[in-house]
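*Asks:* Dropping the structure in here first, questions after.
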Amino acid sequence: MLEISNLRSAYGRIEVLKGISLEVRANEIVALVGSNGAGKTTLLRALSGVQPASGEIRFLGERIERLSPHRRVARGILQSPEGRQIFGSLSVDDNLRLGAYLRKDREIDDDRDRIFTMFPVLKEKRRLLAGGLSGGQQQMLAIGRALMGRPKLLLLDEPSLGLSPLLVDQIISAVVALREAGVTVLLVEQNAAAALAIADRGYVIETGKIVHHGAAQALLADNKIKSAYLGAD
């Protein structure tokens, strides 16, 4: 579904992505793990088109690196960004509807109801301002907003950041349910153990380069990766 070749990106003179190559196959969860500052968020921003980058990006066989962000959304690449970035002064309902801003079909309300089924608390608070939600509820809303665009590929950036263990479990379970519903997911997570536990494959990024990749369970069992990223000896 997604093929990235020699992707490079910089902030000014500081190169952050140093020739990234990876692939995501249809109906996979692919985890991208690494420490702070490794380039994980920059990579997702480059895929979304909001961060300038060079190299080759193919999505469903089409080269998209020159496409504007909204055209990538129209192709089916949606992102739930780090920090949630919901519209706090708008209602939960309006936030969800904004996720469907490119759609012209008549199934928007049906999709919103499916998100309410996935995250019942959003239905309870649908008329409240999004800024009044808890951190976990805002994360659910950010994911729901992205799903309203009917993604073929969902880019999830740090969905568990700052959440309690119980809410982390709920979000991770939701990600698994998305794969079962046919959504392909590229998951960026500092919680490497949780991400790799549900992923099909994983990539480890270090200072802008992919240093390990393979089946998620193999990465989980690798002693070097355990020591460096999973807090294990």
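*Asks:* Among the residues of region 109-127, how many are more than 11 Å from G144 (Cα to Cα) and either surrounded by 16 or more Cβ atoms within 10 Å (Cβ to Cβ) or touching a helix residue (DSSP H, G or I) at 6+ places or on another chain (Cβ under 6 Å) (or both)?
*Replies:* 4
*Asks:* Checking R66 against (1) over 19 Å from the mean Cα position of the chain (by Cα); (2) closer than 16 Å to R45 by Cα; (3) surrounded by 13 or more Cβ atoms within 10 Å (Cβ to Cβ), only one condition comes out false. Which one?
*Replies:* Unmet for R66, out of (1) over 19 Å from the mean Cα position of the chain (by Cα); (2) closer than 16 Å to R45 by Cα; (3) surrounded by 13 or more Cβ atoms within 10 Å (Cβ to Cβ): (3).
*Asks:* Looking at region 172-197 only, could you name the residues that are out of contact with any Leu (no Cβ under 9 Å at 6 or more places or on another chain), of a type in the set (G, A, S) and touching a residue at least 40 places away in the same chain (Cβ under 8 Å)?
*Replies:* Selection gives A174, A177, G182.
*Asks:* So in region 174-212, with the set limited to residues that are of a type in the set (D, E, K, R) and under 14 Å from the mean Cα position of the chain (by Cα), which one is farthest from T117 (Cα to Cα)?
*Replies:* Filtering region 174-212 for residues that are of a type in the set (D, E, K, R) and under 14 Å from the mean Cα position of the chain (by Cα), the one farthest from T117 (Cα to Cα) comes out as E189.
*Asks:* Can you find, within region 128-150, the residue that is surrounded by the fewest Cβ atoms within 10 Å (Cβ to Cβ) among those that are within 25 Å of I77 (Cα to Cα) and of a type in the set (G, A, S)?
*Replies:* This residue is G135.
*Asks:* May I pose another question? R72 - would you say it is more than 18 Å from P151 (Cα to Cα) and either surrounded by fewer than 17 Cβ atoms within 10 Å (Cβ to Cβ) or of a type outside the set (A, V, I, L, M) (or both)?
*Replies:* When the stated conditions are applied, R72 does not pass them.
*Asks:* Something else: Taking region 130-160 on its own, how many of its residues are at pLDDT below 90 and touching a Lys or Arg at 6+ places or on another chain (Cβ under 9 Å)?
*Replies:* Count: 0.
So that you can scan it fast, the table gives a plain yes or no per residue for (1) modelled with pLDDT under 95; (2) in the same structural domain as I57 (by TED's automatic domain parsing); (3) not aromatic (F, W, Y):
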{"position": "L163", "(1), (2), (3)": "yes, yes, yes"}
{"position": "V168", "(1), (2), (3)": "yes, yes, yes"}
{"position": "S173", "(1), (2), (3)": "yes, yes, yes"}
{"position": "L186", "(1), (2), (3)": "no, yes, yes"}
{"position": "Q190", "(1), (2), (3)": "yes, yes, yes"}
{"position": "A194", "(1), (2), (3)": "yes, yes, yes"}
{"position": "I198", "(1), (2), (3)": "no, yes, yes"}
{"position": "Y203", "(1), (2), (3)": "no, yes, no"}
{"position": "G208", "(1), (2), (3)": "no, yes, yes"}
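*Asks:* If the requirement is being surrounded by fewer than 23 Cβ atoms within 10 Å (Cβ to Cβ), touching a strand residue (DSSP E or B) at 6+ places or on another chain (Cβ under 6 Å) and either free of Cβ contacts under 8 Å to residues at least 60 places away in the same chain or not small (G, A, S) (or both), which of these qualifies: D200, D157, D169?
*Replies:* Matching residue, one of D200, D157, D169: D200.
The values are calculated or read from the model by the stated rules, or taken from the named source; none is laboratory data. Since the structure is predicted, the reported quantities are computational estimates derived from the model, not experimental observations. Heads up, the Cβs are rebuilt from the backbone with ideal geometry, glycines too, and the neighbour counts pull from every protein chain shown.
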